[in-house]
Every structure is written in structure tokens, then in C-alpha cells.
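Visitor: Dumping the structure here so I can ask a few things about it.
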Amino acid sequence: MSNLAVIGTQWGDEGKGKVVDLLTDRADMVVRFHGGNNAGHTLVVGDSTYALHLVPSGILHGDKISVIATGVVVDPGVLIGEIKDLTARGVEISPKNLKISGKAHAILPYHKRLDEARESKAGDAKIGTTGRGIGPAYEDKASRVGLRLSDLLDLNLFESKVKKALEEKNCLFENLYGQKPLKTADIMAEARDWAAFLSPFITDTFEIIQKAAKENKNILFEGAQGVQLDIDHGTYPFVTSSNPTAGSVSVGSGLAPNKIDKVAGLVKAYTSRVGEGPFPTELLDDTGTRIREIGREFGTTTGRPRRCGWLDAVVVRTAVDLCGIDSLAITKLDVLRGLDEIKMATSYRLDGQELFHVPGVLSDFSRVEPVYETFKGFSQDISSARTMDQLPPEAKTFLNRLSETVGARVGLVSVGPERGQTIILDEFFK
Ligand code: GDP
Ligand code: IMO
Ligand code: MG
């Protein structure tokens, strides 16, 4: 391998966790570089299933280094809970194999409360966030009033910053949202536990990543969310508050762009979306319900049913071009088994024009009409296929057309949730 970024090309939940866990075998280090515990990455190993939110998906491979880098927002209580749960299940986690950036910003109780209060006040105009405080935490970072994890190393300083922050947040809670104010003392009681637990893990991840790169170690960058949830390039305002696009690998980790060798685009063989916002290929009929049930499309983080629809190659093409995707990793192809026909949108029609990328204006995107190509379905169980030859010709035709229309080769095909249920084609996945 070499340094490889794994990016979700759609609206998240493409199977990034499975693929990162699988590829960690070939890597030395796995780095989360943006997002927070809005992410839910599922790993299936034998009879065990692990749902990870903040801990990188390489953690099951005890000898590899897992890094939560600068661009991530960390809810300290959630992270501690996740580390404790994993440890109780026999996963080895210590400051030796988990490194957390002191520059990463903390999600504090007022961020979560603000996220929930805004969503409930917005009513029908809500974004459908995960309610984890992600937006408010990134807002404070951009406003330069956020608290970094390194602030936990000096609790007096931490306390004065919390006090200052609450002057403004409590004004919103009391006067705008009709809620009781939060108390500095309550937050500090938790903060003492966070500091005691997390201090040994907090470090300068820039130095660690730089050293690994200079020693020619293989670094795997684990994206969260997906390109259409990108705050700059996605379907704003129905997006998250960070950048899931490949450009953010450098910003969030501190490794220069020319040190990132390859970008893999994760593509679910159909499309899903959680939360509000336009979704041109959404299926509101029995086929959508069938895909949701067979694909078990219920959120890893919130348990919400995911909206499901046909594969949208316009969305994938946009991701390929935005992120410089070298190779596609197609997941959940097995879920399409048994459908008489399978569709793929290869362009959109809008006001008499044909579009090949997702339009930048949301009101345009909500009016586009997908132009579909229809493929014959397949009935064969493909979950034990390990080479392309073992896939039915109908499935291969579908994959070849996707590759051709978006302009990137297919490098990996996942045919089930387990590590081994994978066809690996591209050399750099090997
Ligand atoms: P992520 O957020 O991109 O890591 O994806 P999630 O973990 O939220 O959702 C993907 C779900 O699909 C998880 O439950 C995985 O175990 C499961 N999964 C991943 N790849 C496959 C596959 O090829 N086939 C099937 N049937 N399930 C898969
Ligand atoms: P993974 O990494 C799917 C969605 C939320 C909502 C919007 C904003 O598992 O693919 P936020 O809480 O981030 O402010 O919510 O983004 N969202 C995700 N959807 N997968 C995710 O992560 C998501 N993370 C956020 O549902 O629509
Ligand atoms: Mg997920």
C-alpha cells in the first residue's frame, strides 16, 4: 500500500468502516481527520459487531497506530465510553496505540444542547442532524472561542474558558430557547474525569504523522460522512459542518497534499441518506422499503431509518472529480440481489439541459430529473464471490457501466459485511 484516503462519495454510510478495517492489515497507521461522533462505522468480524464513532476503524488490529487528528471534534465523554466499551470486549487500547490530537476541539454539553434546541425550534425546516453537537462545536472553532483537548491539561484554564463560553450560551438557552442555564461547576465535575482519563492519550499528532510519513509507513486516512454532506461542496444547508472531501485530509491531519498517494471512493451500490434534503433517486415505493430492509439501512448512530434509492452516478462522478478518486470501492452489491431490474442515474435533466455534476444551487438540485439507465437484475447469491469471475454477468455489466460513466476504475467490490466478503482488484488495496 502507500498513503491512502478512504472517502465516502455519497451521503455517508457507504461502508467506510468495513473497508478501513479490512485495509488496516496492509497499513501501519489509521487516521480520522474530520467529523465527530456523528459518524457511525460498523465493523463485522466473525460473530462480533463493533459500532465505532470516534475511535478509528483500525483499532481492532492492536499493533497498528490509531490517530484522532486535529480536524476531528471530540465529545470527551463519548470517546471515553467508546474506549471503555471496546476494552471490555477485549480490544487492546492504550496511549501506545491510540493518539489523540491536543488541537482537536472538544464538543461540550452546551454544543449538544444547542444542536438539539435549534433542531426542535426549526420544526419542518430542521436539518435532521445527529444531535451530537457537531455544528455548534465547529462554529466555536471557527469563531475562535472553542476549547481544545489540550485545554484539559490545565483545568484552571479550562474552567475560565467554560465560564466565558457560558456567558453567551446561557443567554441563548434562557432567552431564546426558554431553558435553564448550564453551570460551570457541573461541566467541571465531568471535565476532571475527562482530564484524568484522556490526558495520557493527548499528544501532538502532527509530529507522529510526519514521522510515520518520513519513515515511509503506510497511512490510511479514514473519512467520515460523504461528499454530498460536505459543508462547502455538498447540498448546503443539508450537510454536516466539516469537509468529508479529500482536500480535508491534509487540513485535518497535517500531512501535505502531495504526500497522499491515492484516494479511494466508497460507493454503495445504491444510495442512502439520513436526515433532510433533496435526494433525486429516492425510492418511496416497495423497492425502497425492500432495499432498506435487506440492506439493514438503519442508522449506526441514531437508529433512524435511512432513506434509500437507486445508485446516482451523477453524485459519484461529482465525488470522483472533486476528490481525485483513483479507484472505486463498491459496497453492498449483494443487497441488490433478487430485483428484476436495477437502475442507475447517469445524468440529470433540468430546464431542457443535461447535467453531469450535482448542481451547486440547492433549488436546482431539488428540481432535477434523474436520467436512468436500466439493467437486468441478478438472482444468484454473490456473498461468497471472491473474484470478478464469480459475479453474474448482469452485476459485472452494472459495475462496468458505473466505472465508465464516472471515469474511475472499480478496485474493490464488497459482497457482505464481513472482512472476507470482498473482491480485491486494485494493486494498491493489496
Ligand atoms: P460507514 O458509516 O460508511 O462506515 O457505514 P455504516 O457502518 O454506517 O453502514 C454500512 C452498513 O453496511 C454496516 O452495517 C456494515 O456492516 C454493512 N456493510 C458494509 N459492507 C457491506 C456489504 O458489502 N454488504 C452488506 N450486506 N453489508 C455491508
Ligand atoms: P458516517 O461517517 C450519514 C448527516 C445527518 C444530517 C447531517 C448533519 O457514518 O457515514 P450533523 O450531526 O453532522 O450536524 O448532521 O449529516 N450525517 C450523516 N449521515 N452518515 C454519517 O456519518 C453522517 N454524519 C452526519 O444525518 O443529515
Ligand atoms: Mg455510518
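The values are calculated or read from the model by the stated rules, or taken from the named source; none is laboratory data. As the structure is a prediction and not an experimental result, all values here were calculated from the model. Counting neighbours? That spans all protein chains shown, and the Cβs are built from the backbone with ideal geometry, glycine included. Each accessible area value is taken on the protein alone, full model and side chains, heavy atoms only, with ligands, DNA and RNA left out. Shrake-Rupley method; radii C 1.70, N 1.55, O 1.52, S 1.80 Å.
Visitor: Give Lys18/Lys268; Lys18/Lys211; Lys161/Lys183; Lys64/Lys217; Lys217/Lys262; Lys18/Lys430 a once-over and call out the pairs whose C-alpha atoms are over 18 Å from each other.
Guide: Lys18/Lys211
Visitor: Using the Karplus curve 6.51 cos²θ - 1.76 cosθ + 1.60 with θ = phi - 60°, what ³J(HN,Hα) values do you get for each residue of the range 168-176, in whole Hz, with x for Gly and Pro?
Guide: 7, 5, 5, 4, 5, 4, 6, 8, 9
Visitor: Could you tell me the center-to-center distance, by alpha carbons, between the range 1-74 and the range 361-430 in angstrom?
Guide: If we compute the Cα centre of each part, the gap is 22 Å.
Visitor: Write down the accessible area per residue of the chain in Å², having rolled a 1.4 Å probe over the full set of protein chains.
Guide: Working: 17490 Å² over 430 residues.
Spelled out: the 1.4 Å probe surface of the chain, per residue, equals 41 Å².
Visitor: Now for a different question. Would you mind classifying the range 105-201 by shape? Square roots of the alpha carbon gyration tensor eigenvalues, ordered a ≥ b ≥ c; an a/c under 1.5 is rounded, otherwise it is prolate if a/b is larger than b/c and oblate if not.
Guide: prolate
Visitor: Another question, if that's okay. Between the range 132-178 and the range 277-333, what is the C-alpha centre distance in whole Å?
Guide: A separation of 35 Å, based on Cα centres.
Visitor: Using 0.36 nm times the number of residues separating Asp261 and Phe428, minus their current alpha carbon distance, what extension gain do you get?
Guide: Value of the extension gain: 59.1 nm.
Visitor: Can you spot the aspartates and glutamates whose alpha carbon is less than 13 Å from Lys126's alpha carbon? Ignore those fewer than 8 places along the same chain.
Guide: Partners found: Asp115, Glu116, Glu276.
Visitor: Another question, then. Test of the criteria: in the range 1-91, which trypsin sites (Lys or Arg not before Pro) are in a DSSP loop and have at most 13 other Cβ atoms within 10 angstrom of their Cβ?
Guide: Arg89
Visitor: Once the Cα atoms of helix 313-323 and of the chain are each reduced to a long axis, what angle between those two axes, in degrees from 0 to 90 to the nearest 10, is obtained?
Guide: Helix 313-323 and the main axis of the chain meet at about 50 degrees.
Visitor: Going down the list Lys96/Lys214; Lys16/Lys99; Lys16/Lys259; Lys84/Lys169; Lys121/Lys169, which pairs span over 24 Å between their C-alpha atoms?
Guide: Lys84/Lys169
Visitor: Let me ask you something else. Can you give me the long-range amide H partners of Val45? Hydrogens built in the peptide plane at 1.01 Å from N, cutoff under 5 Å, separation of 5 or more residues or another chain.
Guide: Tyr50
Visitor: Now a separate question. Which value in nm describes the separation of the simple spin-label points at Asn216 and Tyr177, placed 7 Å from the Cα toward the beta carbon?
Guide: Here the answer is 5.2 nm between the modelled labels.
Visitor: Further, regarding this structure: Can you give me the angle between helix 205-214 and the longest principal axis of the chain, using Cα atoms only, in degrees from 0 to 90, rounded to the nearest 10?
Guide: Its long axis makes an angle of about 50 degrees.
Visitor: Given His34, Gln380, Pro181, which one lies farthest toward the positive end of the charge dipole of the chain, if we put +1 on the Cβ of every Lys and Arg and -1 on the Cβ of every Asp and Glu?
Guide: Towards the positive end, the residue furthest out is Pro181.
Visitor: Along the range 91-105, what does the Karplus equation 6.51 cos²θ - 1.76 cosθ + 1.60 (θ = phi - 60°) give for ³J(HN,Hα), rounded to whole Hz, x for Gly and Pro?
Guide: 7, 7, 9, 8, x, 6, 10, 10, 10, 10, 5, x, 7, 5, 7
Visitor: Let me ask something else. Of all beta bridges DSSP finds with both residues in the chain, what is the antiparallel percent, to the nearest 5?
Guide: If we restrict to bridges inside the chain, about 40 percent are antiparallel.
Visitor: In the full protein assembly as shown, how much of Trp194 is accessible to a 1.4 Å probe, in Å² to the nearest 10?
Guide: Approximately 20 Å² of Trp194 is accessible to the 1.4 Å probe.
Visitor: Ok, one more. Against the longest principal axis of the chain, how steep is helix 184-198, in degrees 0 to 90 to the nearest 10, with axes from Cα atoms?
Guide: Long axis of 184-198 versus the principal axis of the chain: about 70 degrees.
Visitor: Could you sort 97-108, 158-169, 334-345 so that the peptide with the highest average Cβ count within 10 Å comes first and the rest follow in order?
Guide: 97-108, 334-345, 158-169
Visitor: Provide the per-residue ³J(HN,Hα) series for the range 55-66, in order, calculated from phi with Karplus coefficients 6.51, -1.76, 1.60 and θ = phi - 60°, each as a whole number of Hz, with x at glycine and proline positions.
Guide: 6, x, 6, x, 4, 6, 9, x, 7, 9, 8, 9
Visitor: Something else about it: Express in % the proportion of alpha carbon pairs of the chain at distances exceeding 27 Å.
Guide: 51
Visitor: Using a 1.4 Å probe over the heavy atoms of the protein chains, calculate the carbon and sulfur portion of the accessible area of the chain as a whole percent.
Guide: The computed percentage sits at 48.
Visitor: Taking amide H positions as placed 1.01 Å from N in the peptide plane, with prolines and chain starts having none, which residues 5 or more places from Val31, or on another chain, fall under 5 Å of its amide H?
Guide: HN-HN under 5 Å from Val31: Val67, Leu220, Phe221, Glu222.
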